[in-house]
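**Q** Encoded as structure tokens, here's the structure I'll be asking about.
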Amino acid sequence: MRYFGIALLLICSIGLTSVSAQVVSRVAAVVNKEIISTHQLDQRLQEQLAKQQKQPSPVQMGALRQELLSRMIEESLVQQRIAALNLTVSEEEIDFVLDRIRAGEARRMKKEGYEPVLAHSRWCLLKRPSRLTSTQRDRLEDLLQYNLKTIRAYLLKEEFQLLWDYVSPAWAGKFLDRWCTKVLRSRVDRFKPIARGFRKNRELILNWFRAHGTISAGAVEGLNNKLKLTTRKAYGYRSFKVIEIALYHALGHLPQPHFTHKFW
């Protein structure tokens, strides 16, 4: 389904009945497969008129109605873009797979009697190059001299970060296709399911570039981090009801009860 199609306005009158059979209205617009009814448009119009002190003329009323309809169509398209972007290209997933590759290869090298070059190299490979300390940077330069599966996986991970530098969806798609092909032709087997997942959801990933970066998941990521922190501080909860109440207080900034004693 194309989420960025043209909103088709309908002039014909089609009777619509809601599930609860409470509202019967006509179609004002169809945005892809979502319908905007005249009842919704009238509600928005009444809200707008309530904010104005002077009653508009019939001509102004028609112009205002058309403007509100265009605004509702745009809002509907944005919501569909957000739904289409319900795919997380998780760096944590790639980092987790890379760490598993490193740990497995380190155990194999130790078992076969090779020099343990991958020992204590976890954060050298997982951290961004710009955040490495001078010692970690020197350690990484030494590791890059070896032809190991871990190093090949690390180079693929760092190459994937270049995807977010693209502006054009077409060029981003070409880069993504080339990266997935390189992964599938490599011997890094643990990365291949990730590449297949990217190929399967290619259009959803490219929707981020089509939206020109106007939709950010920063707020959602922040809430997720707060959720993890709240759970980790309590070392788990006895029931879902307890954790639900704790999250309401942590995420919703609800007032905390007053305790007799303070421990901070």
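Values in this text are rule-based calculations from the coordinates and carry no lab data. Since the structure is predicted, the reported quantities are computational estimates derived from the model, not experimental observations. Neighbour counts are summed over all protein chains in view; Cβ atoms, including those assigned to glycine, are modelled from backbone coordinates with ideal geometry.
**Q** Which of the peptides 95-108, 177-190 is most tightly packed, and how do the rest follow, judged by the mean count of other Cβ atoms within 10 Å per residue? Walk me through the intermediate numbers first.
**A** Details: 95-108: 16.4, 177-190: 14.7.
By packing density, highest mean first, the sequence is 95-108, 177-190.
**Q** Moving on to the next point. From the cross-link list 127/192; 192/226; 110/149; 174/200, which pairs have alpha carbons spaced over 26 Å apart?
**A** Values: 127/192 22 Å; 192/226 32 Å; 110/149 15 Å; 174/200 15 Å.
192/226, as the Cα separations exceed 26 Å there.
**Q** Just add up the charged neighbours of residue 92: K/R +1, D/E -1, any other residue whose Cβ is under 12 Å from the Cβ of residue 92. Show your work: numbers first, answer last.
**A** Details: positive: 157, 228; negative: 91, 93, 95, 99, 221.
It works out to a net charge of -3.
**Q** Calculated FRET efficiency, residue 74 and residue 171, Cβ-Cβ r, R0 22 Å, to nearest 0.05? Could you put the intermediate results ahead of the total?
**A** Details: r = 26 Å, r/R0 = 1.20.
The formula returns an efficiency of 0.25 here.
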